[in-house]
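> Dumping the structure here so I can ask a few things about it.
The values are calculated or read from the model by the stated rules, or taken from the named source; none is laboratory data. Predicted, not measured: the structure shown is a model, and the values here were computed from it. Here the Cβ positions follow ideal geometry from the backbone for every residue, glycine too, while neighbour counts run over all protein chains shown.
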Amino acid sequence: MWNKYSLFCFLWCLSAYGMYAQLTIVVTNNAPASGDIYIAGPFNDWQPGAPGYKMQPSGAATYSHTFDSLPGSDILFKFTRGSWEQVEVSADGSAIADRMFYWGPGDTIFCVIESWADLHEAPALNPAIEKHVLTVPYLQGERTLRVYVPPGYATDTVRYPVIYMMDGQNLFDAATSYAGEWGVDELMDARAAQGLPVAIVVGIDHAGDMRLMEYSPWAHPEYGGGLGAVFANWWADSIKPFIDKTYRTLPDRSHTFIAGSSMGGLMSSFMVAEHNDLLGGAAVISASYWFSSKSFDHITEHPITRPTRVYFLIGGQEGTETTFDMLTAYDLMNEVKASGKDLRLVVEGLGTHNEQFWKTELPLIVAWWLLE
């Protein structure tokens, strides 16, 4: 267990404490297209068209945005024209990684936009991913589930574990992802080819503009939210029963897992405790515990007492506060011991807050869950 002294020493070595300071981003748009330009990143939960993050014209095809009080010493972001269908890409239309810069107080960062996704033909979708549309009663709308089944599923009689994952748009296809895909289907196909255990993977699409609302069990005074518990109950009452009825699953809790990153990581942490009777494991990846201090209260008030495997993953470049929060959550969840309860904490020194980092670590999580 981490003690307070070791936590302090670790975080001090990880990075110098990031003070709040001013930072200006300047971008030149080399691919003129209609619409305003926005900046999106962890600082606004990757909302592609948040009004407070619209770039202001500052010259010919040049735009700027100034953060008056930004924490940390590094920043991740991308430019959009108001939606992830209109995100910046390379000149040939291929997806680009999140922009990452280290900065100091008063710095100005200069960028160039080469092109936009909607100016190019969209990548082909994987036809093997099955889709189902379910009604979301609390939002009076519909939601897509994207389901991967292992090779040979159509001809065998095997029952499989199930991994449920947040932000389903980002899991299987670059064409539907706003920040790069996780390559979950390729990962499972590769495992199957090697004769390793595989699982059915269910990607639950996020709620678009309501993503922050749905992935936060508690309201934030500035950003809102608070539908997380309702979402978790919808998963337990509707999504899981639907999947177990439709597919050959191993429905018991020891073969049922939940995974998410950022706000999705916060929900994974919440759900594995709230619905521990249904979930035997969780991946809590770069979780946004900053959203509410009640996250830690919930861990304490809902101790996990069943055999459960929880994998905490954080990148060393995600900022001191985020790392400290993840270590705190791990420590709190580890306070109550139980037979078969197994927690792992991985701090990857060069890891950043993006799909590329999470994708590289996912094989280790899956291997641990499926106990090859």
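> Could you look through the stretch 204-217, keep only residues that are modelled with pLDDT under 95 and hydrophobic (A, V, I, L, M, F, W, C), and pick out the one that is surrounded by the fewest Cβ atoms within 10 Å (Cβ to Cβ)?
Met210
> Determine if the stretch 89-96 includes at least one residue that is among the β-branched types (Val, Ile, Thr), touching a residue at least 24 places away in the same chain (Cβ under 8 Å) and outside the structural domain of Asn354 (by TED's automatic domain parsing).
yes
> Go over the candidates Ser269, Ser254, Ser286 one by one and state the one that is under 30 Å from Trp103 (Cα atoms) and not hydrophobic (A, V, I, L, M, F, W, C).
Ser286
> Return the residue satisfying two criteria in turn: it lies in the stretch 68-90 and is part of a strand (DSSP E or B) and among the polar types (S, T, N, Q), and of such residues it is modelled with the lowest pLDDT.
Once the filter is applied, the top-ranked residue is Ser69.
> Could you tell me which residue of the stretch 107-125 is surrounded by the most Cβ atoms within 10 Å (Cβ to Cβ), considering only residues that are modelled with pLDDT of 85 or more and small (Gly, Ala, Ser)?
Among them, the one singled out is Ala117.
> Of the residues Ser216, Ser238, only one is over 15 Å from Val136 (Cα atoms) and either touching a helix residue (DSSP H, G or I) at 6+ places or on another chain (Cβ under 9 Å) or in a helix (DSSP H, G or I) (or both); which?
Criteria check complete, one pass: Ser216.
Table: residues versus (1) among the small types (Gly, Ala, Ser); (2) under 19 Å from the mean Cα position of the chain (by Cα).
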{"residue": "Gly226", "(1), (2)": "yes, yes"}
{"residue": "Trp235", "(1), (2)": "no, yes"}
{"residue": "Ser238", "(1), (2)": "yes, no"}
{"residue": "Ile243", "(1), (2)": "no, no"}
{"residue": "Arg253", "(1), (2)": "no, no"}
{"residue": "Gly260", "(1), (2)": "yes, yes"}
{"residue": "Met271", "(1), (2)": "no, yes"}
{"residue": "Ser293", "(1), (2)": "yes, no"}
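> Within the stretch 35-50, how many residues turn out to be closer than 19 Å to Gln22 by Cα, at pLDDT 90 or above and of a type outside the set (Phe, Trp, Tyr)?
2
> Pick from Gly280, Gly319: which is in contact with a Pro (Cβ under 9 Å, 6 or more places away or on another chain) and on the phi > 0 side of the Ramachandran plot?
Going through Gly280, Gly319 in turn, the sole match is Gly319.
Listed here are the residues, each with its yes/no results for (1) at pLDDT 90 or above; (2) within 25 Å of Arg81 (Cα to Cα); (3) surrounded by fewer than 20 Cβ atoms within 10 Å (Cβ to Cβ); (4) touching a Pro at 6+ places or on another chain (Cβ under 7 Å).
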residue: Glu130; (1), (2), (3), (4): yes, no, yes, no
residue: Thr144; (1), (2), (3), (4): yes, yes, yes, no
residue: Arg159; (1), (2), (3), (4): yes, no, yes, no
residue: Ile163; (1), (2), (3), (4): yes, no, no, no
residue: Gly168; (1), (2), (3), (4): yes, yes, no, no
residue: Ala174; (1), (2), (3), (4): no, yes, yes, yes
residue: Glu186; (1), (2), (3), (4): yes, no, yes, no
residue: Gln194; (1), (2), (3), (4): yes, no, yes, no
residue: Val202; (1), (2), (3), (4): yes, no, no, no
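> What number of residues in the stretch 333-349 are among the hydrophobic types (A, V, I, L, M, F, W, C), part of a loop (DSSP other than H, G, I, E, B) and within 22 Å of Tyr289 (Cα to Cα)?
Total meeting the criteria: 1.
> Looking at Leu250, Leu227, Leu196 in this structure, which one is of a type outside the set (Val, Ile, Thr) and farther than 19 Å from Tyr148 by Cβ?
Result of the check over Leu250, Leu227, Leu196: Leu227.
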